[in-house]
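Q: One structure, pasted below without further comment.
The values are calculated or read from the model by the stated rules, or taken from the named source; none is laboratory data. Note that this is a predicted model, so its numbers are computed, not measured. Please note: Cβ atoms are built from the backbone with ideal geometry, for glycine as well, and neighbour counts cover all protein chains shown.
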Amino acid sequence: MKKKQIAFFHYSWGVQIHTTNIINFLAERTDTEVYLYYYDSTTPYTNFEKDIHSNVKLIELKAIKWIDYIYRAFRKTTSIKITLFEIIWPSIVLQSFFLSLKTNFTHIIAVERYGLSFANLFRKINTQKLIYYSLEIYIEPEHPFNNDHYSYKCVRKKEIELVKTVDLLIIQSVIRLNAFNKFNNYTVPNYFILPVCVDSNSDKAIDKSYFLHELVSLPTTQKVILFFGELAGGRAVVEILNQSHKLPKEFKLVFHGKQKNNLKAKLEFPQDVIWSQKVLPNDYLDKLVSSAYIGLAFYNKGDLNDKFTAYSSEKIARYCVSGIPFIAFENEDYLDLKSKYDCCVLIKDIDNLTDAIKEIDNNYNYFRKNALAASKVFDFNTYKNKLLDSILTL
């Protein structure tokens with residue numbers, strides 16, 4: 001039987017565990033050949049040699065600066081903007097054109113909105129199946145990128161256009177699917193619900209760790225309240241710090257992650273709060289998270305993409321797989337998860353943080369048990385066979 005040739009396309013979007021789960025699963029099979037085309041997609045967290053299966057054929061495209069400079073000069077002198085070149089660098093478009101002449105993939109998997117435009121450059125005939133793996137939903141008018149930025153508008157226009165040609169949409173929850181359909185002006189007929197999964201190689205709980213205690217010199221008896229991930233605007237970082245003085249002494253608030261530029265306030269950490277900035281590869285993140293007693297997961301309440309993260313956040317997935325109860329803002333996506341697995345306490349305002357911590361602490365084994373039960377929602381093994389059928393039977 002002829003092998004299915006499956007190509008993934010990443011453009012200016014970091015290759016992370018969400019994608020590598022699918023790539024590696026398909027690459028392990030004898031009836032598939034897997035390719036990864038990428039531009040500006042490396043991250044400090046993913047090691048391509050360690051984290052991506054050796055069967056995957058990696059094709060990295062690099063911008064040719066003089067070609068891109070010529071277009072910039074042309075745009076500046078004529079005020080003419082070419083829509084596709086506003087989305088994908090001209091030199092990448094040209095390279096893709098010549099590369100596509102030599103390829104005829106059976107399946108093309110586009111990761112994120114730029115990846116969709118990138119992948120479309122390689123789609124030559126309708127028999128090639130186009131799969132869109134959406135990890136963010138770009139919602140107007142709430143989305144912070146909706147600021148009359150021309151290239152953003154080009155990307156959104158192209159996304160709305162191409163969504164109608166997609167053979168399969170992969171998205172994290174029904175609530176996100178409904179928002180995606182609404183703001184792309186189209187009801188996608190064929191979709192697969194795949195929460196962000198992190199524990200693709202194990203069917204048992206992550207063991208309790210004291211890795212973080214050792215990393216920041218804490219006694220192992222200390223109960224760590226962990227915020228991990230980017231310290232970004234809209235994630236209540238400053239508001240949490242303002243609540244830190246209310247915590248009982250047996251709890252230690254630890255932030256682990258880098259500060260993003262969109263967090264405009266200068267962070268001032270009280271003496272009793274720890275900020276760890278060491279970049280850790282993927283295979284250390286479970287050790288980090290399983291060191292926590294309670295996790296924090298706060299996202300921008302004003303943007304639906306950030307609000308609906310109960311099934312699309314690696315943070316939530318790692319908390320549950322490690323059996324760590326967590327605290328988040330209340331909305332319909334998190335209420336849905338909580339109704340199935342009472343693994344968290346949801347609050348409407350950050351002023352309720354201390355009460356939420358005490359609620360979990362007073363019934364900790366109950367919440368931990370439910371977090372471990374929820375781990376199957378975030379285990380790739382739960383979905384991979386049905387996902388395979390959805391892809392290969394298109």
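Q: Would you say Leu387 is in the same structural domain as Ala179 (by TED's automatic domain parsing) and buried (at least 17 other Cβ atoms within 10 Å of the Cβ)? Please lay out each step first, then the result.
A: Numbers: in the same structural domain as Ala179 (by TED's automatic domain parsing): yes; buried (at least 17 other Cβ atoms within 10 Å of the Cβ): yes.
It is true that Leu387 is in the same structural domain as Ala179 (by TED's automatic domain parsing) and buried (at least 17 other Cβ atoms within 10 Å of the Cβ).
Here is a yes/no grid of residues against (1) closer than 30 Å to Lys348 by Cα; (2) of a type in the set (Ser, Thr, Tyr); (3) modelled with pLDDT of 85 or more:
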residue	(1), (2), (3)
Cys197	yes, no, yes
Val224	yes, no, yes
Arg235	yes, no, yes
Lys249	yes, no, yes
His256	yes, no, yes
Lys260	yes, no, no
Phe269	yes, no, no
Ser276	yes, yes, yes
Leu288	yes, no, yes
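Q: Being assigned to a loop (DSSP other than H, G, I, E, B), of a type outside the set (Val, Ile, Thr) and modelled with pLDDT under 95 is the filter; apply it to region 62-120 and report the residue that is farthest from the chain's Cα centre (by Cα).
A: Taking region 62-120 first, the residues assigned to a loop (DSSP other than H, G, I, E, B) are 62-64, 79-82, 88-89, 101-106.
Imposing the further condition that a residue be of a type outside the set (Val, Ile, Thr) reduces the set to 62-63, 79, 81, 89, 101-102, 104-105.
From what is left, the residues that are modelled with pLDDT under 95 are 79, 81, 101-102, 104.
Details: Ser79: 36, Lys81: 31, Leu101: 32, Lys102: 31, Asn104: 29 Å.
If we take residues in region 62-120 being assigned to a loop (DSSP other than H, G, I, E, B), of a type outside the set (Val, Ile, Thr) and modelled with pLDDT under 95, then Ser79 is farthest from the chain's Cα centre (by Cα).
Q: I've got another one for you. With the condition being of a type in the set (Lys, Arg) and closer than 20 Å to Tyr45 by Cβ, I'd like the helices (runs of 4 or more DSSP H) fully within region 286-394 carrying at least 1 qualifying residues.
A: Numbers: elements: 304-307, 314-321, 332-340, 353-362, 364-374, 384-392.
The helices (runs of 4 or more DSSP H) meeting that bar are 314-321.
Q: Moving to a separate point now. Does region 339-357 hold any residues that are surrounded by fewer than 23 Cβ atoms within 10 Å (Cβ to Cβ) and either touching a Phe, Trp or Tyr at 6+ places or on another chain (Cβ under 6 Å) or touching a residue at least 24 places away in the same chain (Cβ under 8 Å) (or both), and which are they? It would help to see each step written out before you state the result.
A: Filtering region 339-357 down to residues surrounded by fewer than 23 Cβ atoms within 10 Å (Cβ to Cβ) leaves 339-342, 345-352, 354-356.
Correct list: Lys340, Tyr341, Asp342, Leu346, Ile350, Asp351, Thr354, Ala356.
Q: Another question, then. Does Leu61 satisfy the criteria of being of a type outside the set (Lys, Arg), buried (at least 18 other Cβ atoms within 10 Å of the Cβ) and touching a residue at least 40 places away in the same chain (Cβ under 8 Å)?
A: Answer is no for this residue.
Q: Residues that are of a type in the set (Gly, Ala, Ser) and under 26 Å from Asn126 (Cα atoms): does region 47-57 have at least one? Give the derivation first.
A: Just the residues of region 47-57 that are of a type in the set (Gly, Ala, Ser), to begin with: 54.
With under 26 Å from Asn126 (Cα atoms) added as a condition, the list becomes none.
Within region 47-57 (the criterion being of a type in the set (Gly, Ala, Ser) and under 26 Å from Asn126 (Cα atoms)), the answer is no, since none of the residues qualifies.
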